[in-house]
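The values are calculated or read from the model by the stated rules, or taken from the named source; none is laboratory data. The structure presented is a predicted model; accordingly, all values stated were derived computationally and were not measured. Because the Cβ atoms are built from the backbone with ideal geometry, glycine has one as well, and the counts that use them run over all protein chains shown. Keep in mind that these areas ignore ligands, DNA and RNA; they rest on the heavy atoms of the full protein, side chains included. Shrake-Rupley method; radii C 1.70, N 1.55, O 1.52, S 1.80 Å.
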Amino acid sequence: MATDISRRRLLAVGGGAIGAAATGSLLPPSLQTALAAEPPSGGMRAIKHVVVLMQENRSFDHYFGTLRGVRGFGDRNALELPSGKSVFEQPDPLRGEVLPFPVREAAETQRKDLQYIGDLDHSWSGGAKAWNNGWMNNWVTAKTAATMAYYDRRDIPLHYELADTFTICDAYHSSVHTSTSPNRNHLVSGWTGSEADGRRAVGNDAYAEGTHPGYGWTTYAERLEKAGVSWQTYQEWENFTDNNLEFFTSFKAIARKALAKAGDFSYMEAFYAKVRDTTDTAERERLLAALDEGVAALTPAERRLFERALRRRPTGTLAETFRADVAAGRLPKVSYLVPSALDSEHPGASSPVASATLVYKVLDALASHPEVWRHTAVLINYDENDGFFDHVPPPVPPEGNTDETYQGKPTGLGIRVPMLVISPWSVGGYVCSEVFDHTSVIRFLEQWTGVAEPNITPWRRTVTGDLTSAFDFTRGRRQPGVEQPGPIPPFTGRWRPAPPAEQKMPVQEPGRRPARPLPYQPDAYGRADGRVFRLLLSNSGRSSAHFALYPYAGEYAAPQHRDVKGEERWSVPLAGERYRFTVTGPNGFRREFAGAAAGGAEVESRIGADGRRIRLTLINTGEETITFTVRPLGYAGEDDRRGRVREVAVKPGRRRTVVHSAAAAHGWYDLEVTAPAVPGFRRRLMGHIENGRPSVSG
């Protein structure tokens, strides 16, 4: 990431926010008032404006691992490493292992300010090393122990209040295992292609503006322009090189024409660097006037693209410019907000508190005009995870997908990052666990505007959603209660946290949160057959479900992946007389398989959405009676029919069915099936049964 940052002083939070904190909320008072109104009807047609604010370099666990009711540090479906330990116990040559640790505790020990930790490696090679072919066990060696540092509610109160008030997505991933620019390419164009020399564009090569030739494929902004859909990029003289539209050949050509009379400038960043760095007011005015003269010489079509994509406003005025357009009725249908380095939230140049200032002002600008707020959706996401740990393995394409592979490694999906959906139709403190990435933002715009983006690869369209499931257009939700946020400290310097001498797993906030319905209904079962395990993957949901298989007995050299809608049969090779592997899927889905190649005991499963039941068929293919034990491992409350351990005897060549109801647990289940007389035999079945209606988190 570029290091040239604005010199203006950090603002703590908008003055209104400080006053609001005294009443128990950091939300703008205007927004608190606006939330009392019912959202307009009409479904997506009621949306008139979409505002996209992409911030910098934070992982989901780093920010929201302790938030109640999301897939965080209390995840029942956390990956088991090849060592047998949890993915939260990251190997470290110096300490043995490093667990997630609070930034707050490290700040107290190291006498630093918790808001201003430094950045870590976030390169293509570093991302691949941490991911480690899907085993997720090289974070410390790839990033340093600081990768495991996390914030909680006291540290970033506005972020948590937004999650508690609106909707947070806990399966939203960055688009690629690397740095800022390739991820922002996915946001503005649907993918990241190749550099001029043929290498895949997986680095920040575009920042070499003086020599970089630009990217030749079409951006989504150009498609909106052609379709007559209004759009605007809001940015300042210093934009942290985060407006990736500037790196495409079409916009570079317009920039060169516009700069023709300004001097020896061939690209926008060089020009605006001169504008913001000069101390001579007359020289600054001369430069800006020369630019205006060049812009006036453009064709009308070129001028529109320049004003919408390339024009920058004076330092410190992004929020004010946005507010002025809202007030004047000029807000376009699609707005891209590109903050300065100081407001970007990047851990090398910014902080969560700086972002809170900008977010507060943007939301206040909208809510101060209730009729605009009532028809606006704000999407706040993060381009990549920097080097900060997240425990959820991202879906990646099956072997053989050339569109999504570079140097023998998948280009995406990348590590999980936060996404907050802020709108009248996402109020209620919901979690949405559908799989998304940055191309999902474009797909949401596709659904809303009808303007298609052909750059998005078929695999991404298969594995990710279009964000519509994060909204509820059927009825309004009143704002839930929120707690008093913590104080916001001033900037005091940048540092890198170290783990404590005595480590312990963080405790996630207790409680659940309402959950949006999901388009998945996965299941998996199978049986050993000689030297293979015949696995059946199924998904009766309307969207494809991504399954990952983790081999613990040498079935494969690395985790394997499948995307399934309907059914798919999979012959898993067995490396010996015994097998042990785990299959995971969306929203906490898990199946564990262990046993002998000739064990005689098998289990089949069937999911029933009506009544939220799972039917287990216990099968005896041996010559002696087998007694199966069915034991709930979780979600078994006081109801004896759900909580009891059942022992079921099955005669040779016969089968018996056990029905487990998950209705009282809102569709959640976690069951273990063993057969004591069959050594090593074990099945674990965990997940959520969807019924098309909102539920609660697990």
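Results, tabulated for the structure shown:
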{"item": "Local net charge near Glu195, Cβ-Cβ under 15 Å (Lys/Arg +1, Asp/Glu -1)", "result": "0"}
{"item": "Full-extension gain in nm, Glu293 to Arg461, via 0.36 nm per residue minus C-alpha separation", "result": "56.1 nm"}
{"item": "Length released on extending from Thr278 to Glu623, taking residue separation times 0.36 nm less the Cα-Cα span", "result": "115.4 nm"}
{"item": "Charge sum, other residues only, whose C-beta stays under 13 Å from Glu404's C-beta, Lys/Arg counted +1 and Asp/Glu -1", "result": "0"}
{"item": "Rounded to the nearest 10 Å², the accessible area of Arg374 at probe 1.4 Å", "result": "60"}
{"item": "Alpha-carbon centroids, the stretch 162-190 and the stretch 39-116: separation in whole Å", "result": "14"}
{"item": "Overall Cα dimensions of the stretch 237-316, principal axis frame, Å, largest first", "result": "33, 26, 21"}
{"item": "Net charge contributed by nearby residues that have their C-beta within less than 15 Å of Met136 (K/R +1, D/E -1)", "result": "-1"}
{"item": "Rounded D (µm²/s) - the chain, Kirkwood Rh over Cα pairs, Stokes-Einstein at 25 °C, 0.890 mPa s", "result": "92"}
{"item": "Per-residue [θ]222 nm for the chain (sum of -39500 (n - 2.57) over DSSP H runs n ≥ 4, rounded to 500)", "result": "-6000 deg cm²/dmol"}
{"item": "Accessible solvent surface per residue of the chain, calculated while the other protein chains remain in place, 1.4 angstrom probe, Å²", "result": "36"}
{"item": "Accessible area in the full protein assembly, largest first, 1.4 Å probe, for Trp425, Trp448", "result": "Trp448, Trp425"}
{"item": "Solvent-free Debye scattering, log10 I(q)/I(0), computed from the Cα coordinates of the stretch 83-158 at q = 0.14, 0.21, 0.25 Å⁻¹", "result": "-0.51, -0.99, -1.17"}
{"item": "Whole-percent carbon and sulfur share, accessible surface of the stretch 323-439, 1.4 Å", "result": "50"}
{"item": "Leu114 accessible area, 1.4 Å probe, all protein chains in place, Å² to nearest 10", "result": "30"}
{"item": "Share antiparallel - DSSP beta bridges, the chain, percent rounded to 5", "result": "75"}
{"item": "Accessible surface ranking that places the most exposed of Arg693, Arg200, Arg531, Arg76 first, with a 1.4 angstrom probe", "result": "Arg693, Arg531, Arg76, Arg200"}
{"item": "For the stretch 587-636 and the stretch 379-398, distance of Cα centres in Å", "result": "33"}
{"item": "Only Lys, Arg (+1) and Asp, Glu (-1) charged, at Cβ; the chain dipole about Cα centre in debye", "result": "1700"}
{"item": "Proximal aspartates and glutamates to Lys361, defined as alpha-carbon separation beneath 14 angstrom and excluding residues fewer than eight positions away on the same chain", "result": "Glu320, Asp325, Asp343"}
{"item": "Accessible area of Ile619 in the full protein assembly, 1.4 Å probe (Å², nearest 10)", "result": "20"}
{"item": "Burial order of peptide ranges 426-432, 651-657, 678-684 (average beta-carbon count within 10 Å, highest first)", "result": "426-432, 678-684, 651-657"}
{"item": "Cα-Cα over 32 Å, subset of Lys129/Lys252; Lys274/Lys409; Lys226/Lys409; Lys257/Lys409; Lys129/Lys504", "result": "Lys129/Lys252; Lys274/Lys409; Lys226/Lys409; Lys257/Lys409"}
{"item": "Accessible carbon and sulfur surface of the stretch 109-151 relative to its total accessible area, %, 1.4 Å", "result": "43"}
{"item": "Ordering of 291-298, 406-413 by packing [mean C-beta count within 10 Å, highest first]", "result": "406-413, 291-298"}
